[in-house]
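Okay, so here's the structure we're looking at.
The values are calculated or read from the model by the stated rules, or taken from the named source; none is laboratory data. Please read all numbers here as calculations on a predicted model, not as lab measurements. FYI the Cβ positions are ideal-geometry reconstructions off the backbone, even for glycines, and counts take in every protein chain you see. For the accessible areas, the whole protein counts, side chains as well, though only heavy atoms, and no ligand, DNA or RNA atoms are used. Shrake-Rupley method; radii C 1.70, N 1.55, O 1.52, S 1.80 Å.
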Amino acid sequence: MIEDNLNRIKEKIFNKCSEVNRNPAEVKLIAVSKNFGIGYIKEAFTAGQIDFGENKPQELDGKAKLIDEKICWHFIGNLQRNKVKYVVKWAEFIHSVNSLSLAEEINKRAEKLGKIQKVFVEINTSGESTKQGLTDELEIETLVYKIEEMKNLKLTGFMTMAPFTDDENKVRKSFKFLRMLKDKFVKNGVELKHLSMGMSADYEIAIEEGATMLRIGSAIFGQRDYSKSWKEL
Ligand SMILES: *Cc1c(COP(=O)(O)O)cnc(C)c1O
């Protein structure tokens with residue numbers, strides 16, 4: 001089932017890229033395996049999936065320890081400073097940097113491990129207070145330039161979640177905003193490569209608006225059952 005889902009999604013990504021004249025090689029699919037057990041991850045890996053996303057520090061740590069496969073881990077969830085150690089140890093990318101103090105802590109941990117940690121600044125483009133991320137332009141600018149000065153961080157782009165709605169225009173507006181924000185910084189000489197946006201319900205719109213990393217969970221693994229822990233699944 002997982003393999004079929006992956007193939008169907010990859011085909012959709014390919015078709016959408018062709019439609020809007022984008023190179024599919026520039027759109028990375030991250031399989032969001034949160035709340036699913038390692039059997040699911042291994043099955044997807046066997047089907048050729050390399051990039052996986054997790055949103056809880058200890059869950060990432062627990063899974064990564066149990067898996068020998070050469071996975072590229074992405075951390076996409078809310079991160080508290082005291083949990084940074086679990087994440088920097090494993091994550092190739094951290095998508096959810098939303099404060100200076102968090103960036104400083106990640107930088108410190110990365111330095112200890114002798115690692116350059118690739119990070120995204122998370123932007124709240126939906127105005128929904130339940131979502132994480134920065135909204136204030138000055139705050140965003142300050143964080144971007146501070147991260148640029150940190151030796152063990154490499155800023156690679158911006159991340160956002162679209163509003164939870166069927167209204168395609170609102171979703172698109174969110175993605176457009178992120179793209180324009182990135183373009184603005186690039187114009188000012190900041191090297192930003194990636195836009196992390198698009199989930200199961202809206203990834204085709206995200207591709208149209210320039211996404212380079214899609215974070216897709218339920219369309220690959222099925223509905224999440226939060227009454228169970230990943231250890232039981
Ligand atoms: C869970 C999650 C996703 C994936 O959501 P699906 O709707 O299952 O595709 C993407 N991004 C973040 C930040 C998430 O927490």
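Brief remarks on what is shown
- Cβ separations smaller than 6 Å between residues 6+ apart or across chains give the following pairs from the range 136-161 residues that are assigned to a loop (DSSP other than H, G, I, E, B) to residues that are modelled with pLDDT under 95: MET161/LYS131.
- Restricting attention to the range 211-227, the residues that are free of Cβ contacts under 8 Å to residues at least 60 places away in the same chain and more than 11 Å from the ligand (Cβ to nearest atom) add up to 1.
- The lone exception for HIS194 - which of (1) closer than 20 Å to ALA31 by Cα; (2) away from the ligand (no atom under 16 Å from the Cβ) it fails: (2)
- When GLY133 is tested against the conditions (1) of a type outside the set (D, E, K, R); (2) over 22 Å from PHE93 (Cα atoms); (3) open to solvent by less than 70 Å² (accessible area, probe 1.4 Å); (4) within 13 Å of the ligand (Cβ to nearest atom), the lone failure is (2).
- Checking each residue in the range 68-97 for being open to solvent by 30 Å² or more (accessible area, probe 1.4 Å), touching a strand residue (DSSP E or B) at 6+ places or on another chain (Cβ under 7 Å) and either hydroxyl-bearing (Ser, Thr, Tyr) or within 14 Å of the ligand (Cβ to nearest atom) (or both) picks out only ASN78.
- Boolean, LYS173 is more than 16 Å from the ligand (Cβ to nearest atom) and either open to solvent by less than 10 Å² (accessible area, probe 1.4 Å) or modelled with pLDDT under 95 (or both): no
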